[in-house]
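The values are calculated or read from the model by the stated rules, or taken from the named source; none is laboratory data. Source: prediction; values computed, not measured. Every residue, glycine as well, gets a Cβ built from its backbone with ideal geometry; the counts of neighbours run over all protein chains shown. These area figures cover heavy atoms from the full protein model, side chains too; ligands, DNA and RNA do not enter into them. Shrake-Rupley method; radii C 1.70, N 1.55, O 1.52, S 1.80 Å.
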Amino acid sequence: MQEFDLQGREFVELCNLLKLTSLCSSGGIAKLMIADGQVSVDGQVELRKRCKIRSGQVVAFEGNKIQVV
């Protein structure tokens, strides 16, 4: 499981998280993957591209998991 540090921020938008962790090569690709239902947050499929991901949440995409801290 990969960790992503918010570095003092309250949240990161889901599409930006996928881009910042290099799971998607661009924000546009990330948005397409989210809209296609390929991303889950805390075990639930998430379709909102700009969903606010906060500390303690786990994002899963293509067999990869990201723990946000």
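The table below lists the values:
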quantity	calculated
Failed item, numbered, when residue 65 is tested on (1) in a strand (DSSP E or B); (2) open to solvent by 40 Å² or more (accessible area, probe 1.4 Å); (3) free of Cβ contacts under 8 Å to residues at least 40 places away in the same chain	(3)
Flag for residue 20 being among the hydrophobic types (A, V, I, L, M, F, W, C), under 11 Å from the mean Cα position of the chain (by Cα) and open to solvent by 80 Å² or more (accessible area, probe 1.4 Å)	yes
Total residues in the range 1-34, condition part of a loop (DSSP other than H, G, I, E, B) and either under 11 Å from residue 49 (Cβ atoms) or touching a Leu at 6+ places or on another chain (Cβ under 7 Å) (or both)	1
Candidate set: the range 39-58, residues that are in contact with a helix residue (DSSP H, G or I) (Cβ under 9 Å, 6 or more places away or on another chain) and open to solvent by 50 Å² or more (accessible area, probe 1.4 Å); chosen: the one nearest to residue 7 (Cα to Cα)	52
